[in-house]
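The structure appears below as structure tokens.
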Amino acid sequence: MKIWRILKEDLSSIRRHDPAARGLEVLLYPSIHAMLIHRLISHPLYRMRLFFLARLFSQIGRFFTGMEIHPGARIAGGFFCDHGMAVVIGETARIGPNCVMFHGVTLGGTGKHQGLRHPHVGRDVFIGTHATLLGPIQIGDNARIGAESVIINRDVPPDCTVVGAPGKIVVQHGKKLRRPLPLPISPYRREEIARSVKRNQTLS
């Protein structure tokens, strides 16, 4: 029954965020189709370690919806991806409750990490069109990420608005900043830099 409650939250999110959604039109959105496949088929198969079947159904979902969601991704209820086309969500990505994203968003990896290698998105986060978020970064609750922003190896604090490539904070706790602030470097990235410096010192 829990899964149906989560899908109901997904439907409610569409109605809440898109004024064009009228009546049964919510059943036509690619976002709900992708969530049906992910929540009912591909993610359960992944958890059963039936990886080939899980990927098979996720690729079928990609063919019909344009949204490439790895079966391992964990997506909480109330998720809405408007338009959906060209969205990529990686295997270890985590998306909290009531998040909204638009088409072209990438939650990907840098290709340099093992284990957790994709973004973790908090609750009530908005991600604009064609934003690119790479690495095991943390996106804080109530963050807003503007269209075409690029965030790599940096965390996004809660309650802020980020725009640009590279992304910078322009609004924090509801107040517009006179000068944009750089995003903090993710802890894992600081550790990588420290190890690299130590290794270079040892070699020299």
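Return the residues of the range 73-103 that are more than 18 Å from Ile139 (Cα to Cα) and surrounded by fewer than 20 Cβ atoms within 10 Å (Cβ to Cβ); say none if nothing qualifies. Lay out the reasoning, then the answer.
Within the range 73-103, the first condition is being more than 18 Å from Ile139 (Cα to Cα), and the residues that meet it are 82-86, 103.
Asp82, His83, Met85, Ala86, His103, listed by residue number.
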> Is there any pair with a first residue in the range 105-126 that is touching a residue at least 12 places away in the same chain (Cβ under 8 Å) and a second that is surrounded by fewer than 19 Cβ atoms within 10 Å (Cβ to Cβ) and of a type in the set (A, V, I, L, M, F, W, C) whose Cβ atoms are under 7 Å apart and which are 6 or more apart or on different chains, and what are they?
Replying inline: Thr106/Val88; Leu107/Val88; Gly108/Val88; Thr110/Ile152
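Quick one: count up the residues across the range 132-145 that are in contact (Cβ under 8 Å) with a residue 24 or more places away in the chain and within 18 Å of Pro180 (Cα to Cα).
Narrowing the range 132-145 to residues in contact (Cβ under 8 Å) with a residue 24 or more places away in the chain: 132-138, 141, 144.
Those still in the list that are within 18 Å of Pro180 (Cα to Cα) too: 144.
The total comes to 1.
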>> Looking at the range 104-113 only, could you name the residues that are surrounded by fewer than 19 Cβ atoms within 10 Å (Cβ to Cβ) and either closer than 20 Å to Ile169 by Cβ or of a type in the set (D, E, K, R) (or both)?
In response: Lys112
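Can you tell me which residue in the range 19-32 is farthest from Ile89 (Cα to Cα), limited to those that are crowded, with 17+ Cβ neighbours inside 10 Å and of a type outside the set (Val, Ile, Thr)? Step through it out loud before you land on a result.
Step one: filter the range 19-32 for residues crowded, with 17+ Cβ neighbours inside 10 Å, giving 21, 26, 29-32.
Now drop any that are not of a type outside the set (Val, Ile, Thr), which leaves 21, 29-31.
On the way: Ala21: 24, Tyr29: 18, Pro30: 15, Ser31: 13 Å.
Looking at residues that are crowded, with 17+ Cβ neighbours inside 10 Å and of a type outside the set (Val, Ile, Thr), I get Ala21.
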>> Checking the structure you have, find out if any residue of the range 80-93 is among the aromatic types (Phe, Trp, Tyr), touching an Asp or Glu at 6+ places or on another chain (Cβ under 8 Å) and farther than 27 Å from Arg189 by Cβ.
In response: yes
>> Out of Leu50, Leu116, Leu56, I need the residue that is surrounded by fewer than 17 Cβ atoms within 10 Å (Cβ to Cβ), modelled with pLDDT under 95 and either of a type in the set (A, V, I, L, M) or touching an Asp or Glu at 6+ places or on another chain (Cβ under 7 Å) (or both). Which one?
In response: Leu116
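Among the residues of the range 183-199, write down those that are at pLDDT below 85 and of a type outside the set (A, V, I, L, M, F, W, C).
First pass over the range 183-199, keeping only residues at pLDDT below 85: 188-199.
Tyr188, Arg189, Arg190, Glu191, Glu192, Arg195, Ser196, Lys198, Arg199, listed by residue number.
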> Hey, Val163 hits all of (1) within 20 Å of Leu116 (Cβ to Cβ); (2) touching a strand residue (DSSP E or B) at 6+ places or on another chain (Cβ under 8 Å) but one; which does it fall short on?
Replying inline: (1)
>> Looking at the range 49-67, can you tell me whether even one residue there is in a helix (DSSP H, G or I), over 16 Å from Val88 (Cα atoms) and aromatic (Phe, Trp, Tyr)?
In response: yes
> Taking the range 69-87, which residues are closer than 14 Å to His130 by Cα and among the charged types (D, E, K, R)?
Replying inline: Asp82
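The values are calculated or read from the model by the stated rules, or taken from the named source; none is laboratory data. Values in this document were obtained by computation on a predicted structure and should not be read as measured data. Don't worry about glycine lacking a Cβ; one is built from the backbone with ideal geometry, like all the others, and counts go over all protein chains shown.
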